[in-house]
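Q: Below is a structure I'd like to ask you about.
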Amino acid sequence: MIHSSVPSARYSVKLSMVDEMTTYTFMDYEVKVMYHHSLYLVDIVEEKIGRVLKLDSITSGKLWLDMDYLVFNTWHWWTRRGPTQPFDFIQDGNNITKDMDRVVAFGKAIDTWGRWVDDNIDPVKSKVFFQGISPTHYNGAGWGEPKAQACLGQKEPVPGEKYPGALPMALEVLEKELKPIKKPVTLLDITNLSLLRKDGHPSKYGLPHKTGMDCSHWCLAGVPDTWNVLLYNFMFYFQGIVNGDEKKCDFFKGRWVWDDSESNQMYTGLECPFINNGLNCQKNGRPDNTYLNYRWQPHSCSLPRFNGEEFLVRNKGKKIMFVGDSLSSNQWQSLVCMLYNHARLIIPSIIHGGSISTVSFPEYGVSVMYLKNGFLVDIVVEEKGRVLKLDSISRGAKWEEADILIFNSYHWWIHGGQLKTWDYYRVGDMLYKDMALMDAYRIALTTWAKWVDSNVNPKKTQVFFQGISAVHYEGKDWGAPNIKNCEGQTGPIQGFRYPGNRYPGEQVVKDVLQKMKNPAYLLDITLLTQLRKDGHPAKYADGPMDCSHWCLAGVPDTWNQILYTVLLKD
């Protein structure tokens, strides 16, 4: 596949009989694609009694170190018996036996391999994949043709999406053994797509001058090309999206697409203990769950699936702090639930102390904090009343402790009437009763930006700004003038444009960030939230109609999926 893409590229082939390693090198690109022949992943050693398969030992792993991508596989040889079986005994700990249940032995070997991965792989440098169980087609009864002579003469796939026969017995064991591995391992789950391809094997057209039927391996070109397309897409998410030119992939321009797959359900409101009552729509009796079955699809790329284990490993020992209003808290609760769902064996602790709440994952030394601060600048009580000091930040010391900072401020600025929390503005010595709202917002954000430039070391701390989150109190904004608010909305606005007006604060945020010495990364969530009129608690909140905040699980999970992707890039 590589050679056909760049046929003029120079390459070399090196075969090492000692290491059982074959290496293709594409010199023009300095890329090596290597194959290490390791049938069981665990060791086979010659001892006095004969060849021993040692289920708890991996010594050849030194050859796997320092690779950028590792794609492992084993199962095919575990079912071998007789003259083709390359061992005489199986050793499990101190117990040596002539044979044992091969599926059990396979599970023990995968457990050993998983512990090797945890002990030796640096996930920042190396990405690990496991090629799932590749099926065979020797029994036509498996696909509903009991008279078929294995795969011979098969010209078409099994129709439909689901294989009618039994799944390979090793698949369940593999999935079970991969779960406890702490380092990120991506399963290339090729089983079902391969089961459907009874027509893809060499059958009698295998090695020349050899008799026999091969319904195990695959013709080339053929089915394994699809495995590599899948691998390419996973690798593309690390290289092309995460490390690529951001202009080629604008995460914030796209549309919401239907996706009711299990992988899109990162947690539920019924399982996560960190969700405030007002955001737990499922617990509060919301009858529909369609709002959970949409996925944000950028135009020019796909977002990687969130991997909580990888997030925790990459950010080991770090403090992550959300600073802002209740929408900042909305995102904080979402991230904590996403991490909790992927680290169930870890018992996180939560501490509420004044205006700061902290959830810690002690095994990784990761703390995820929320510091309530609706305006970012100071608000104080003076003789005349409550004064919003647009050019003053006196409580930034806590912010300096964080390794990752996600700020937000807008929601409170547009509150009026009884919800308004200030009486005057102050800039220097001047006190103002009234000021154009966006002028005040711009002065305050500029004060915050100067604080970041003066106090944050960009080599130590990454800074994000959560963009303006949409509200849905007026149906006319999305072309439905007869609809009062978000109540009863069960689906997003279709397409990739919002028919209503832009928020005046959007441009203010972009202007201020652009002028920073070290610009904060804008999580530009406005459009993707504008399209989700169905994502609010509405009457399933902990108070009046809420078309400002977001149900959890729900839309803020996508904000964190984008945050995760950007952090991977670095």
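Q: Could you check, for segment 156-169, whether at least one of its residues is surrounded by 15 or more Cβ atoms within 10 Å (Cβ to Cβ), acidic (Asp, Glu) and in contact (Cβ under 8 Å) with a residue 24 or more places away in the chain?
A: no
Q: Which condition breaks for Lys510 when tested against (1) more than 19 Å from Leu327 (Cβ to Cβ); (2) surrounded by fewer than 16 Cβ atoms within 10 Å (Cβ to Cβ); (3) at pLDDT 95 or above; (4) not acidic (Asp, Glu)?
A: (1)
Q: Considering only residues of segment 255-296 that are at pLDDT below 90 and not in a loop (DSSP other than H, G, I, E, B), which is nearest to Thr526 (Cα to Cα)?
A: Per the stated criteria, the residue is Val257.
Q: Checking the conditions here, which among Asp122, Asp101 is loosely packed, with under 14 Cβ neighbours inside 10 Å, under 21 Å from Thr59 (Cβ atoms) and not aliphatic (A, V, I, L, M)?
A: Going through Asp122, Asp101 in turn, just one is loosely packed, with under 14 Cβ neighbours inside 10 Å, under 21 Å from Thr59 (Cβ atoms) and not aliphatic (A, V, I, L, M): Asp122.
Q: Yes or no: Val124 of a type in the set (Val, Ile, Thr), within 30 Å of Lys569 (Cα to Cα) and either part of a loop (DSSP other than H, G, I, E, B) or out of contact with any helix residue (DSSP H, G or I) (no Cβ under 9 Å at 6 or more places or on another chain) (or both)?
A: Taking the combined requirement at face value, the residue satisfies it.
Q: Just one of the numbered conditions (1) part of a loop (DSSP other than H, G, I, E, B); (2) free of Cβ contacts under 8 Å to residues at least 40 places away in the same chain is not true of His549; which one?
A: Only one criterion in (1) part of a loop (DSSP other than H, G, I, E, B); (2) free of Cβ contacts under 8 Å to residues at least 40 places away in the same chain is unmet by His549, namely (2).
Q: From the list Ala150, Ala109, pick out the single residue that is surrounded by 17 or more Cβ atoms within 10 Å (Cβ to Cβ) and in a helix (DSSP H, G or I).
A: Ala109
Q: Output yes when any residue across segment 192-199 is acidic (Asp, Glu), closer than 28 Å to Asp68 by Cβ and at pLDDT 90 or above, and no when none is.
A: no
Q: Being closer than 20 Å to Trp332 by Cα and part of a loop (DSSP other than H, G, I, E, B) is the filter here; which residues of segment 448-481 pass it?
A: Thr461, Gly467, Ile468, Ser469, Ala470, Val471
Here's the yes/no breakdown for (1) more than 33 Å from the chain's Cα centre (by Cα); (2) surrounded by 14 or more Cβ atoms within 10 Å (Cβ to Cβ); (3) at pLDDT 95 or above; (4) of a type in the set (Gly, Ala, Ser):
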site: Ile414; (1), (2), (3), (4): yes, yes, no, no
site: Leu419; (1), (2), (3), (4): yes, no, no, no
site: Gly428; (1), (2), (3), (4): yes, no, no, yes
site: Arg442; (1), (2), (3), (4): yes, yes, yes, no
site: Ala449; (1), (2), (3), (4): no, yes, yes, yes
site: Asn455; (1), (2), (3), (4): no, no, yes, no
site: Val463; (1), (2), (3), (4): no, yes, yes, no
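Q: Keeping to segment 518-544, report how many residues are assigned to a loop (DSSP other than H, G, I, E, B) and at pLDDT 95 or above.
A: 12
The values are calculated or read from the model by the stated rules, or taken from the named source; none is laboratory data. Everything numeric in this text was worked out from a predicted model, so none of it was measured. Ideal geometry is used to build each Cβ from the backbone, glycine not excepted, and the neighbour counts take in all protein chains shown.
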